[in-house]
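Structure record follows, encoded as structure tokens.
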Amino acid sequence: MSALEPLLEFLSIPSVSTDPRHQKDVRRAALWLKERLEALGFRSELHETPLHPILYAERLLDPEAPTVLVYGHYDVQPPDPLELWESPPFSPTVREGRVYARGASDDKGQLWAHVAALEGLEARVNLKFLVEGEEEIGSPHLLPFVRAHREKLRADVVLVSDGAMFAPHTPTLTYGLRGLCYLEVRLQGARRDLHSGAFGGVAPNPIQALGWILARLKDGTTGRVLIPGFYDRVRPVSEEEKRLWPPLDEEALKGELGVEVLPGEEGYSPLERLWARPTLDPNGIFGGYQGEGSKTVIPAEAGLKLSMRLVPDQDPEEVADLAEAYLKALCPPGYRMEVRRLHGGKPVLTDPQSPPMRLMARALEEVWGRPPVYAREGGTIPVVAELQEALGAPVVLLGLGLNDDNLHAPNEKFDLVNLEKGILAIRRFHGLLAESG
């Protein structure tokens, strides 16, 4: 496949945005993509930020032709733990029709499909690319960039591929994304670590206090989040919308996860909990001794990472205010609490029947031989809501990955059949858009 060799080169660049040791590699990935787009006739600009650059490129053929803005990201997650990879994360390897590498599905492989689709494209459409290097750390500099460059980014449709198909061999159009509110909570007890024999019984223990707090964040029976006001703005899902959803094979999902039950909020189906209900999950907890053997210590500090996935019409800043107030109210005497807001993003709903969505549905059916299913997705792409608000253009979310692609985990992969068919469908979409005027 002619598109594969450059993708392998792209994947070999360790563009880990959260790790300062890879800052030059992140920039190298931006420059690599910039050169590829320029070879296809694009005029490109690298916009510097305090951290990683934003790549903007445009190929404007006809002022009367429709304009498509493609969004993607060239940064990737850290590859740890390295010992669980079957092949090195930045030495892309093809096995059984899949390419394995960090970033293969999230998002270099999917982004590359949009670039490769331009080879031999005859349709007269104007194209713009907006590609960032900070998506995996919450897009802190892209959102202000979008607000400041609305006219530059103006388009008739925004095209995004940074998600998953509902199931293998099932073309999927996503019309909803959950938002995100991510907090870090730190508890300080004594001014230093203490011997548990000398001070146990009188010293505050931040790990214990975190346990008390965690137990009061969710109802253990119903699974509901207990933060006051958390559900006040949640928009209910209509029965009409639920009829759009494909059936979920719950037994297959249990098998994939290796569990016997699918816990979650009482009164809602697993699919609704995945797509259209908010969540609260501790993502990490730290404090005290973590090494081999024992150490009898009462730690001076402990903390946790906390993510909340949000749905329309929840606002991440408002939810952060509610959560911080509740956490501080739960903090027991003898401790000092600090709540840090790490990043967030607004939830998104698009019109599944917008003209661009109908054109993409037609393109997918022609390529895959079956009509697409319509789905929401549980993840977050922070810039999508901003693009939707700033540009007022319809958004088409075309996921080409799969739910078992091991995103953010060892042995991330991307099915090459999805790359090949994705390229054909994107190319066909541009043709249909040009024909529609």
Worksheet entry | Sites residue 149 and residue 21 - FRET efficiency at Förster radius 35 Å, r taken between beta-carbons, to 0.05 | 0.70
Discussion item. Quick check for you: with a 1.4 Å probe and neighbouring chains kept, what is the accessible area per residue of the chain, in Å²?
Written reply: 45 Å²
Practice prompt. Would you grab the residues whose amide H sits under 5 Å from the one on residue 218? Only those 5+ places off in sequence or on another chain, please, with H modelled 1.01 Å from N.
Written response: 226
Item to complete: Heads up, I need the accessible area for residue 54: 1.4 angstrom probe, whole protein in place, Å², nearest 10.
Response: 10 Å²
Worksheet entry | Length released on extending from residue 256 to residue 8, taking residue separation times 0.36 nm less the Cα-Cα span | 86.5 nm
Fill in: Estimated translational D of the range 218-266 in µm²/s (Stokes, Kirkwood radius over Cα pairs; 10 °C; 1.306 mPa s)
117 µm²/s
Worksheet entry | Additional length obtainable on full extension of the chain from residue 235 to residue 408, 0.36 nm per residue less Cα span | 59.3 nm
Discussion item. If I model a spin label as a point 7 Å beyond the Cα along the Cα-Cβ vector, how far apart are those points for residue 340 and residue 32 in nm?
Written reply: 3.0 nm
Worksheet item: Accessible area of residue 112, 1.4 Å probe, to the nearest 10 Å²?
Response: 20 Å²
Worksheet item: How many percent of the accessible area of the chain is carbon or sulfur, using a 1.4 Å probe?
Response: 50 percent
Item to complete: Find which of 399, 371, 381 sits farthest along the positive direction of the dipole of the range 315-437, computed with +1 on the beta-carbon of Lys and Arg, -1 on that of Asp and Glu, about the Cα centre.
Response: 371
Discussion item. Running a GNM on the chain with Cα contacts under 10 Å, which residue among 389, 292, 239 ends up with the highest mean-square fluctuation?
Written reply: 292
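Test of understanding: express the Cα radius of gyration of the range 36-133 as a ratio to 2.2 N^0.38 Å, with N the residue count.
Values: Rg = 16.2 Å, N = 98, 2.2 N^0.38 = 12.6 Å.
Normalised Rg, Cα atoms only: 1.29.
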Worksheet entry | residue 73 long-range amide H proximity, modeled H, under 5 Å | 132
Worksheet entry | Karplus 3J(HN,Hα) series, Hz, for the range 91-106 with 6.51 cos²θ - 1.76 cosθ + 1.60 (x for Gly, Pro) | 10, x, 10, 9, 9, 6, x, 10, 9, 10, 4, 5, x, 4, 9, 10
Worksheet, complete the sentence: Under a 1.4 Å probe, counting only protein heavy atoms, residue 404 has an accessible area in Å², nearest 10, of 70 Å²
Fill in: residue 119 versus residue 417: modelled label distance in nm, points set 7 Å from Cα along the beta carbon direction
2.1 nm
Item to complete: Per residue of the range 231-245, in order, report the coupling 6.51 cos²θ - 1.76 cosθ + 1.60 (Karplus, θ = phi - 60°) as ³J(HN,Hα) in whole Hz, putting x for Gly and Pro.
Response: 9, 4, 9, 5, 7, x, 9, 6, 5, 4, 5, 4, 5, 6, 6
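For residue 296 and residue 43, FRET efficiency with R0 = 56 Å and r from the beta-carbon atoms, rounded to 0.05? Let's see the in-between values first.
Working: r = 65 Å, r/R0 = 1.16.
Efficiency at R0 = 56 Å is approximately 0.30.
Per the Cauchy relation, a quarter of the hull surface: what is the mean projected area of the convex hull of the alpha carbons in the range 295-437, in nm²? Please report the intermediate quantities before stating the final value.
Details: hull surface 53.2 nm².
Average of the hull's projected areas for the range 295-437 equals 13.3 nm².
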Practice prompt. Work out how much length residue 285 to residue 202 would gain on full extension: take 0.36 nm times their residue separation and subtract the Cα-Cα distance, in nm to one decimal.
Written response: 27.5 nm
Worksheet item: When we measure straight from the Cα of residue 346, which lysines land under 25 angstrom away, once same-chain ones fewer than 8 places off are left out?
Response: 108, 128, 152, 218, 242, 305, 328
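The values are calculated or read from the model by the stated rules, or taken from the named source; none is laboratory data. A quick note: this is a predicted structure, and the numbers were derived from the prediction, not measured. Backbone-built Cβ (ideal geometry, glycine too); neighbour counts: all protein chains shown. SASA here: full protein model, heavy atoms, side chains in, ligands and nucleic acids out. Shrake-Rupley method; radii C 1.70, N 1.55, O 1.52, S 1.80 Å.
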